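Working notes, structure below.
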Amino acid sequence: MKGMFKHVGIIVLVAAIGFSMTACDSVLGGGGGGGGGAAGGEPTPSGSHTHQWDTWTVTTAATCVARGVETRTCSLDTSHRETRDIPVDPNAHDWDWIETQKPTTTVDGVLAGVCQNNLSHAENRPAYATGTSGLAFELINGNAYRVRKGTVTSGVVNIPAMYRPDKNSPYLPVKEIGYTGDISDSGAFYNTAITDVVFQSDNVITIIGSYAFSECVSLTNSNLSIPAGVTSIGSYAFSNSGLKGVSIPAGVTFIGSYAFFKCTSLATVTFPTRVTSTMSIGSYAFSESGLTAVAIPIGVTSIGEYVFENCDKLKSVTLPLGLTSIGSYAFSGCTDAGLTALTIPESVTYIGSYAFSGCAKINPIFIPAGVMAVGDGAFKNWVATQTINVRYPNPTAADAAWRNNWRTDCGAIIKYWNGSTYELP
Ligand SMILES: [Zn+2]
Ligand SMILES: [Zn+2]
């Protein structure tokens, strides 16, 4: 009640001052509310100059129930001031938040807000799910958090979408899984016994840091969905973990080297059909994993060195049109008897050394006309039951165009293009 009377009083005073100051040749002697010589609110002549007004400055902010006040001062004579009121701001509440429903580890609670200016103003906001108790959070750039294991070393890990260290701090989004500390403790959950990692549906994770889940052998999720907002999966992020399946979202632009290295239980990696921007897949990213099938998404232009090396259970490989480069050893050692077919897209221009060495069941394979270079031993250890079709008229032309050693230790039948079909030289 007292407050209301005070507000009414201010409004009346402001209105009076505002009225007195509308003429630009009038000034307020002694300043608004000051006890100067001139009578408060009485205009006095400005004398000889034209006022040079500074910008308006808020002296009393408007609230949801009361007008505010702003003032400007003449830079030629600071005793010259103008004052005007600011309209009521319907959004300028003075909230007092009460947790009417406690959040749990995975379910948001409710924060009920009551405006101290007017108790009929009310609003509910989420009291965000807390995530697993014991996680450690690190403030990044003052506007987000990075999370790591803290005291959590086993069981299911629930990563919260938002975090605040206490009730007086604002909720900020949890954007990264990682740790920037000493490399000896690198990896948010490195080498822990965690069994699953679960993200809130409203999460805004963008980065999974290097080594984040490396060596987590109990992390045996059959299809871990990397959150849709993730753009970067760090080097060694899941290496030597127990993962059985993983889904990569379309916005990922970086999969670090060794990201899924030695994930021997990892049977499936589900890429989107198409990536939204360039996706780079680092060397050894899936090397020595248990992958049985992989379809590289449209938009990937390069497969790095050793990316699928020694994936000896790999039965199906789909490469997208638009791919230009297949790195050295990319599919070396993919010896599974099921890997009988592999199409090199017409867009490919480079095949690295030993790229398909040991892939002894693919038959036939076609090397497109646009390939400018084939590295040493690209088809090493291919056998006589396999056929390689080359878009050059004879061995001399192919050897000259690529490299002399491209067919080193290759026992396959190599056929050359005579203008209408492939035939033996
Ligand atoms: Zn002036
Ligand atoms: Zn209010």
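Might you let me know whether the stretch 208-230 holds any residue that is small (Gly, Ala, Ser) and outside any loop (DSSP other than H, G, I, E, B)? Full working, then the answer.
Going residue by residue through the stretch 208-230, those that are small (Gly, Ala, Ser) are 209-210, 212, 214, 218, 222, 225, 228-229.
Of the ones still in play, those that are also outside any loop (DSSP other than H, G, I, E, B) are 225.
Yes: the stretch 208-230 contains one or more residues that are small (Gly, Ala, Ser) and outside any loop (DSSP other than H, G, I, E, B).
Being more than 16 Å from the chain's Cα centre (by Cα), surrounded by 20 or more Cβ atoms within 10 Å (Cβ to Cβ), hydroxyl-bearing (Ser, Thr, Tyr) and over 23 Å from LEU339 (Cβ atoms): is that true of TYR258 here? Step through it out loud before you land on a result.
Details: more than 16 Å from the chain's Cα centre (by Cα): yes; surrounded by 20 or more Cβ atoms within 10 Å (Cβ to Cβ): yes; hydroxyl-bearing (Ser, Thr, Tyr): yes; over 23 Å from LEU339 (Cβ atoms): no.
The answer is no for TYR258.
So, GLY113, is that one more than 16 Å from ligand 1 (Cβ to nearest atom), in a strand (DSSP E or B), of a type in the set (Gly, Ala, Ser) and surrounded by 15 or more Cβ atoms within 10 Å (Cβ to Cβ) or not? Yes; evaluated as a whole, the condition is true for this residue. In this structure, is MET372 in contact with a Phe, Trp or Tyr (Cβ under 8 Å, 6 or more places away or on another chain), farther than 19 Å from THR253 by Cα and of a type outside the set (S, T, N, Q)? Yes, satisfied.
Within the stretch 78-98, restricting attention to residues that are charged (D, E, K, R) and over 30 Å from TYR128 (Cα atoms), the residue that is nearest to ligand 2 (Cβ to nearest atom) is ASP85.
Scoring MET4 on the criteria (1) out of contact with any Lys or Arg (no Cβ under 9 Å at 6 or more places or on another chain); (2) within 16 Å of ligand 2 (Cβ to nearest atom); (3) at pLDDT 50 or above leaves a single failure, condition (3). With a requirement of 3 or more residues that are modelled with pLDDT of 95 or more and either among the polar types (S, T, N, Q) or under 27 Å from the mean Cα position of the chain (by Cα) (or both), the strands (runs of 3 or more DSSP E) lying completely within the stretch 276-371 that satisfy it span 293-295. Only one of (1) within 30 Å of GLY209 (Cβ to Cβ); (2) touching a Leu at 6+ places or on another chain (Cβ under 7 Å); (3) surrounded by 18 or more Cβ atoms within 10 Å (Cβ to Cβ) fails for ALA129. Which number is that? Only one criterion is unmet by ALA129, namely (2). State whether one or more residues within the stretch 337-353 are of a type in the set (D, E, K, R) and farther than 23 Å from GLU423 by Cβ. Looking for residues that are of a type in the set (D, E, K, R) and farther than 23 Å from GLU423 by Cβ, one finds none in the stretch 337-353, hence no. Surrounded by fewer than 19 Cβ atoms within 10 Å (Cβ to Cβ), in a loop (DSSP other than H, G, I, E, B) and of a type in the set (Gly, Ala, Ser): is that true of ALA250 in this structure? Criteria met by ALA250. Residues in the stretch 365-408 that are within 22 Å of VAL317 (Cβ to Cβ) and among the charged types (D, E, K, R): ASP376, LYS380, ARG391, ARG407. Every condition in (1) surrounded by 15 or more Cβ atoms within 10 Å (Cβ to Cβ); (2) away from ligand 2 (no atom under 16 Å from the Cβ) holds for SER75 except the one numbered (1).
The single condition among (1) more than 16 Å from ligand 2 (Cβ to nearest atom); (2) modelled with pLDDT of 95 or more that ILE183 does not satisfy is (2). Any chance the stretch 57-69 includes a residue that's crowded, with 17+ Cβ neighbours inside 10 Å, touching a Ser or Thr at 6+ places or on another chain (Cβ under 8 Å) and part of a strand (DSSP E or B)? Yes, some residue in the stretch 57-69 is crowded, with 17+ Cβ neighbours inside 10 Å, touching a Ser or Thr at 6+ places or on another chain (Cβ under 8 Å) and part of a strand (DSSP E or B).
Among the numbered conditions (1) assigned to a loop (DSSP other than H, G, I, E, B); (2) more than 16 Å from ligand 2 (Cβ to nearest atom), the only one that ARG146 does not meet is (1).
Considering only residues that are loosely packed, with under 14 Cβ neighbours inside 10 Å and within 16 Å of ligand 1 (Cβ to nearest atom), which ones fall in the stretch 78-101?
Of everything in the stretch 78-101, just one residue is loosely packed, with under 14 Cβ neighbours inside 10 Å and within 16 Å of ligand 1 (Cβ to nearest atom), namely THR78.
Among the residues of the stretch 100-143, those that are under 24 Å from the mean Cα position of the chain (by Cα) and either within 16 Å of ligand 2 (Cβ to nearest atom) or of a type in the set (A, V, I, L, M, F, W, C) (or both) comprise VAL107, ALA127, ALA129, LEU135, ALA136, PHE137, LEU139, ILE140.
Just one of LYS175, LYS167 is modelled with pLDDT of 95 or more and basic (Lys, Arg); which is it?
Working: LYS167 fails: modelled with pLDDT of 95 or more.
Every option except LYS175 fails the conditions.
Whether a residue is surrounded by fewer than 18 Cβ atoms within 10 Å (Cβ to Cβ) and modelled with pLDDT under 95 was assessed, and GLY36 passes this test. On the stretch given as the stretch 288-301, residues that are surrounded by fewer than 19 Cβ atoms within 10 Å (Cβ to Cβ) and of a type in the set (S, T, N, Q) total 2.
The values are calculated or read from the model by the stated rules, or taken from the named source; none is laboratory data. Predicted, not measured: the structure shown is a model, and the values here were computed from it. Virtual Cβ from ideal backbone geometry, glycine too; neighbours counted across all protein chains shown.
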